[in-house]
Amino acid sequence: MTTDSGYLAHWGLAEAPFLLEPDPRFAYERADHREGLARILFGITQLGGLVVITGEIGAGKTLLSQTLRGTLDGEGFQVAEVANPPRTAAALLSSTLLAAGGPRAGGSAARIAALLRARLAELSAEGRRAVVCLDEAQRLDPRALDEVRLLTNPGPDGPGVPVVLLGQPELSGHVARLPQVAQRVVVRYHLGPMGADEVDAYTLHRTRVAGAQRRIVSKRATRAVHRETGGGPRLVNLLLANALFVAAERDEAQIGEDTIRDLAEDRRMDLAAASPDMEAGT
């Protein structure tokens, strides 16, 4: 039986390659992410206004946000990034002010908005171009979204600030129901799932970064992973993390299609067992 860390040694890995938390060291440059990043940068540098990026849970929005910050750092930009932003306008503006290097502030949304605009004007005067980036933006209520829109408008203190909104697909609907906000959107992009070939390349990339000297997941297995997960990166990571452990327990030399099928069947059985309880709670 392998130990918690022994299963990694079984594969010749120095660390776990399929953790669920985003890690820029393992970033795989998907075509979707390349295009998404290019569109964001175009919106920020050429158009201003709002950039809206959507994707299902686990599509890689947070990793895209981290890549954006890394790209802009050192290029004269100051990124005010807020992950899991508060829903309400005043709380959102306060969090954004802190992220922009301003003071902690309370009071009305109007007061905090004035302080935030002043801080953004300071950054502009220092020669730094401010960008606001809000991850999980589908959480924001209509008033908060409207305050975000107002940040993109030029004011007496200086030019408007580009804002990047990343969120789950329902974010598009929230924005569409607010015409004034929708009119400020200059770029829209949706991050889709990975195709079968991308899942294979993604798996090879992450295992190599983790120290693998050979292919430890067969191509047939990665095809099975794609079929079972639909190509969502988070589900791919979850399935392969379990596969590494289970296949090591079985003392397999390579993760094969059978292991993926067994794990997928276990998951289907768990979901089926949970269904009666879920229905009883409705």
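The values are calculated or read from the model by the stated rules, or taken from the named source; none is laboratory data. Values in this document were obtained by computation on a predicted structure and should not be read as measured data. Positions of Cβ are generated from backbone atoms using ideal geometry, with glycine treated the same way; all protein chains shown enter the neighbour counts. Only protein heavy atoms, including side chains, enter the accessible area calculation; ligands, DNA and RNA are left aside. Shrake-Rupley method; radii C 1.70, N 1.55, O 1.52, S 1.80 Å.
General remarks:
- Within the stretch 208-240, considering residues that are part of a loop (DSSP other than H, G, I, E, B) and without any contact (Cβ under 8 Å) to a residue 40 or more places away in the chain, the one surrounded by the most Cβ atoms within 10 Å (Cβ to Cβ): Gly231
- Subset of the stretch 92-103 (residues that are in a helix (DSSP H, G or I) and in contact (Cβ under 8 Å) with a residue 12 or more places away in the chain): Leu92, Leu93, Ser94, Ser95, Thr96, Leu97, Ala99
- Note on the stretch 33-71: residues that are hydrophobic (A, V, I, L, M, F, W, C), within 15 Å of the chain's Cα centre (by Cα) and open to solvent by 50 Å² or more (accessible area, probe 1.4 Å) amount to 1.
- Filtered residues of the stretch 120-153 (kept if of a type in the set (Asp, Glu) and touching a residue at least 12 places away in the same chain (Cβ under 8 Å)): Asp135, Glu136, Asp141, Asp146, Glu147
- Count - residues of the stretch 28-57 that are in contact with a Leu (Cβ under 6 Å, 6 or more places away or on another chain) and among the small types (Gly, Ala, Ser): 2
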